[in-house]
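**Q** Starting off with a structure, shown below.
The values are calculated or read from the model by the stated rules, or taken from the named source; none is laboratory data. From a predicted model like this one, the values you see are computed outputs, not experimental measurements. Positions of Cβ are backbone-derived with ideal geometry, glycine not excepted, and every protein chain shown enters the neighbour counts.
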Amino acid sequence: MNIPVAQDAAYVAPQLLIDGEWIGVEARETSPVVNPANGRVVGHVPHATAADLDRALAAAEREFPLWRKIGPRERGRILKRAADLMHERGDAIARLATLEMGKPLAEARIELHVATEELEWFAEEARRTWGRVPPGRFGETRFSVHKQPVGPSAGFSAWNFPIGNACRKMGTALAAGCPMIYKPGEEAPASALAVARCLVEAGVPPGVISVVFGVPDTISRHLLASPIIRKISFTGSVPVGKHLVKLAADSMKRTTMELGGHAPVLVFDDADQENVLDQSVQRKFRNCGQVCVSPTRFYVQDAAYDAFCDGFAARAKTIRVGDGMDPDTMMGPMVHGRRRDAIEALVKDAVAQGARLLAGGERVGNEGFFYAPTVLADVPDSARIMSEEPFGPVAVLNRFSDIDDAITKANHLPFGLAAYAFTQSVARIHRLADDVEAGMLGINSFNISMPEVPFGGIKESGMGSEVGVEGLDAYLVTKTLSIT
Ligand code: NAD
């Protein structure tokens, strides 16, 4: 393991952003922000009071009529300026993300690049949020269908892509004409705030976005109880998503839910095994496995299985684990001790139930929240890791016999976010496209995302999509107009 690099001094103290005002801790409650590479507290995030939240709500209500009237062209210009500012500050923002949640700096830079592309996409696509004019049938009566911004929104997201999630949540709402009160993960507040600062400096008027932190359940209950909020968008775990949908139902708020997954990977024996292994190991351990679409359950066809296990374990052992600030690091720590403990328990349970441990399976170093890249094989379905989302650096390898067996195994969990398959057979590809239950299916690659296509899950993995035309549409309501 590499020696941690002390960079904590570069940290920017988190604040609240409410009605255009940047507000520090003052007399508020706080929670610590911890550098997961060494366990040291780097700052404290202020918790919004009920009065702060009411102020953010009042500002969103006040600004909505003005922000929607500005129109998509001007809103798009502001978003593009914000993307430019993010590029200018890219290195500093990426460092904040690494410091707060541990990912290698190179990954944080890629995240920033992808995030700005999304801002640019929203900026352009908002100009095409038009309706339609169908041919009439009642003589003089003319019908038209109009798209209008839904109203003030609330966004909640996880800490795993603190730059990307902030751009996705606030960028979509703003492009569509909706103010947003945004609550990023308390674990990684400063990188999300850096995005908000770019938006404000690019010209988003005071009160159109507010950024708040606190005890998540307290904040969401307060915001969801308000009739001012017309839409919520959440990125996080399935149980919290279900809880928020129930709260939203009381006042029939629209919801977009990007929830957890347990992505299957079906590797057929006609695939280019070396290439699949290279891709798989890189994707599995990206962001320390803390990715909702992370490949998790690898099912490998019988004839290819043993060599695949050997190849996976050998590659996993070459991953250099360390402080994300170190340029040699390939995988950083887990975000906090709670997640590291959860992974440790899942691995112990699987091994106790008969799984073979091919790599890792232990903590790394004496400080921080490091856990070794871990590979388990022959894991019984009764092991918790076969049905609970690990959200950490563990790959689970099992075998399958034929395509029916593979599809049954892929679909048997209640999740349906991402799935992947590797094969050269066109017939198989069509069958997989028809029958694998997932919101996103990658064939012969783990690349399943770009701004132009929807990102979202089915079954318990969520409702609705982000990005793509669908992502913007989720912030619009439809009005049918008849004029006689
Ligand atoms: P979590 O659901 O506990 O927390 C995720 C985020 O939601 C955090 O920022 C947290 O503060 C917030 N949150 C928690 N309870 C809340 C509440 N009552 N009201 C409002 N916000 C609340 O999950 P976690 O363990 O921190 O993160 C990992 C989970 O998030 C995994 O299940 C993962 O799959 C999921 N996730 C999904 C996506 C996606 O796009 N589908 C992306 C990232 C993470």
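**Q** Being of a type outside the set (Val, Ile, Thr), assigned to a helix (DSSP H, G or I), within 8 Å of the ligand (Cβ to nearest atom) and surrounded by fewer than 21 Cβ atoms within 10 Å (Cβ to Cβ) is the filter here; which residues of the stretch 205-261 pass it?
**A** 216, 217, 221, 239, 243
**Q** Criterion first (within 26 Å of residue 385 (Cα to Cα) and within 16 Å of the ligand (Cβ to nearest atom)) does residue 422 satisfy it?
**A** Judged against the criteria, residue 422 is not a match.
**Q** Please determine, by comparing only the residues of the stretch 142-168 that are over 20 Å from residue 107 (Cβ atoms) and within 11 Å of the ligand (Cβ to nearest atom), which one is surrounded by the most Cβ atoms within 10 Å (Cβ to Cβ).
**A** Restricting to residues being over 20 Å from residue 107 (Cβ atoms) and within 11 Å of the ligand (Cβ to nearest atom), the top hit is 154.
**Q** Shifting gears a bit: Which residue is surrounded by the fewest Cβ atoms within 10 Å (Cβ to Cβ), if the candidates are limited to the stretch 423-439 and must be assigned to a loop (DSSP other than H, G, I, E, B) and among the β-branched types (Val, Ile, Thr)?
**A** 436
**Q** Can I ask one more? I'm checking my understanding of the structure. Among residues of the stretch 370-385 that are buried (at least 23 other Cβ atoms within 10 Å of the Cβ) and within 16 Å of the ligand (Cβ to nearest atom), which one is farthest from residue 344 (Cα to Cα)?
**A** Applying the filter and picking the extreme gives 385.
**Q** So, in the stretch 445-484, how many residues would count as being of a type in the set (Asp, Glu) and within 25 Å of residue 281 (Cα to Cα)?
**A** Residues in the stretch 445-484 being of a type in the set (Asp, Glu) and within 25 Å of residue 281 (Cα to Cα): 0 in total.
**Q** Out of curiosity, is residue 341 within 16 Å of the ligand (Cβ to nearest atom) and surrounded by fewer than 24 Cβ atoms within 10 Å (Cβ to Cβ)? Break it down into steps so the answer makes sense when it comes.
**A** Values: within 16 Å of the ligand (Cβ to nearest atom): yes; surrounded by fewer than 24 Cβ atoms within 10 Å (Cβ to Cβ): yes.
Yes: the conditions hold for residue 341.
**Q** So, one more: Name the residue that is surrounded by the most Cβ atoms within 10 Å (Cβ to Cβ), counting only residues in the stretch 287-313 that are within 13 Å of the ligand (Cβ to nearest atom) and part of a helix (DSSP H, G or I).
**A** By that ranking, first place goes to 288.
**Q** Another question, then. Read through the list (1) over 21 Å from residue 474 (Cα atoms); (2) away from the ligand (no atom under 14 Å from the Cβ), then give the number of the only condition that residue 189 fails.
**A** (2)
**Q** Something else now. Could you say whether any residue in the stretch 102-120 is assigned by TED's automatic domain parsing to the domain that holds residue 69, over 24 Å from the mean Cα position of the chain (by Cα) and either over 30 Å from residue 197 (Cβ atoms) or surrounded by 15 or more Cβ atoms within 10 Å (Cβ to Cβ) (or both)?
**A** no
**Q** Out of all the residues in the stretch 387-404, is one or more polar (S, T, N, Q), within 16 Å of the ligand (Cβ to nearest atom), surrounded by fewer than 19 Cβ atoms within 10 Å (Cβ to Cβ) and touching a residue at least 40 places away in the same chain (Cβ under 8 Å)?
**A** Filtering the stretch 387-404 for residues polar (S, T, N, Q) gives 387, 398, 401.
Applying the additional criterion that residues be within 16 Å of the ligand (Cβ to nearest atom) yields 387.
Retained after the next criterion (residues that are surrounded by fewer than 19 Cβ atoms within 10 Å (Cβ to Cβ)): 387.
Retained after the next criterion (residues that are touching a residue at least 40 places away in the same chain (Cβ under 8 Å)): 387.
Looking for residues that are polar (S, T, N, Q), within 16 Å of the ligand (Cβ to nearest atom), surrounded by fewer than 19 Cβ atoms within 10 Å (Cβ to Cβ) and touching a residue at least 40 places away in the same chain (Cβ under 8 Å), one finds at least one in the stretch 387-404, hence yes.
**Q** Give all pairs with beta carbons closer than 7 Å in which a residue from the stretch 334-356 that is closer than 20 Å to residue 369 by Cβ and touching a residue at least 12 places away in the same chain (Cβ under 8 Å) meets a residue that is polar (S, T, N, Q) and surrounded by 14 or more Cβ atoms within 10 Å (Cβ to Cβ); count only pairs at least 6 apart in sequence or on separate chains.
**A** 334/290; 335/290; 347/374
**Q** When you look at residue 178, is it within 27 Å of residue 69 (Cα to Cα), of a type outside the set (D, E, K, R) and either part of a loop (DSSP other than H, G, I, E, B) or free of Cβ contacts under 8 Å to residues at least 24 places away in the same chain (or both), yes or no?
**A** yes
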